[in-house]
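Right, I'll just put the structure down here and ask away after.
The values are calculated or read from the model by the stated rules, or taken from the named source; none is laboratory data. A quick note: this is a predicted structure, and the numbers were derived from the prediction, not measured. In this analysis, Cβ positions are derived from the backbone assuming ideal geometry, glycine residues included, and neighbour counts consider all displayed protein chains.
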Amino acid sequence: MSEVIIEYARPFIDKTADFEEQRLVLTVAILIWNRTITFRDNQELLLKNIEELKEVLLKAAADSHFALDIFELLAKRKQTFFPDINRLIIDYDIADTPDGCHLNVASMPF
């Protein structure tokens, strides 16, 4: 499942400059992944939840150059490229290794 999340977030990971940006992208990707699954039958609630997430993250990282549209793009990527993978990420670890960013996730069926 770690590889799936990396691939899911790949377009944004490839644009990062350092580990901290990679960690931020992966964290947001996991949040959006889980919300896309839990609200899959209610798109209106999903979009509302994504808007609320945006507000929280913007307040936490007001000086970030992190693109706002990542939320919508990740939600669309999940629905387009990974529609049949319905596993919730229940825990994750993102580590900076000599080989680059390493993600380890624990997931469960939803």
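Looking at ALA9, ALA95, ALA106, ALA61 in this structure, which one is out of contact with any Cys (no Cβ under 7 Å at 6 or more places or on another chain), modelled with pLDDT under 90 and small (Gly, Ala, Ser)?
Of ALA9, ALA95, ALA106, ALA61, the one residue that is out of contact with any Cys (no Cβ under 7 Å at 6 or more places or on another chain), modelled with pLDDT under 90 and small (Gly, Ala, Ser) is ALA61.
Conditions: (1) modelled with pLDDT under 85; (2) in a loop (DSSP other than H, G, I, E, B). THR16 meets all but one. Number of the miss?
Unmet for THR16, out of (1) modelled with pLDDT under 85; (2) in a loop (DSSP other than H, G, I, E, B): (1).
Suppose we keep only residues that are within 9 Å of the chain's Cα centre (by Cα) and among the β-branched types (Val, Ile, Thr) within the range 7-36. Which one would you say is farthest from MET108 (Cα to Cα)?
So the residue we want is VAL25.
Next question. Could you check the range 17-34 and list, in sequence order, the residues that are surrounded by fewer than 18 Cβ atoms within 10 Å (Cβ to Cβ), over 17 Å from ILE50 (Cβ atoms) and not charged (D, E, K, R)?
Across the range 17-34, the qualifying residues are ALA17, PHE19.
Would you tally the residues in the range 64-83 being aliphatic (A, V, I, L, M) and modelled with pLDDT of 70 or more?
Result for the range 64-83: 4.
Working only within the range 70-87, note down all residues that are more than 20 Å from LYS54 (Cα to Cα) and crowded, with 17+ Cβ neighbours inside 10 Å.
PHE82, ARG87
Turning to a different aspect of this structure: Can you tell me which residue within the range 23-47, out of those that are polar (S, T, N, Q) and in contact (Cβ under 8 Å) with a residue 60 or more places away in the chain, is nearest to PRO83 (Cα to Cα)?
If we take residues in the range 23-47 being polar (S, T, N, Q) and in contact (Cβ under 8 Å) with a residue 60 or more places away in the chain, then THR38 is nearest to PRO83 (Cα to Cα).
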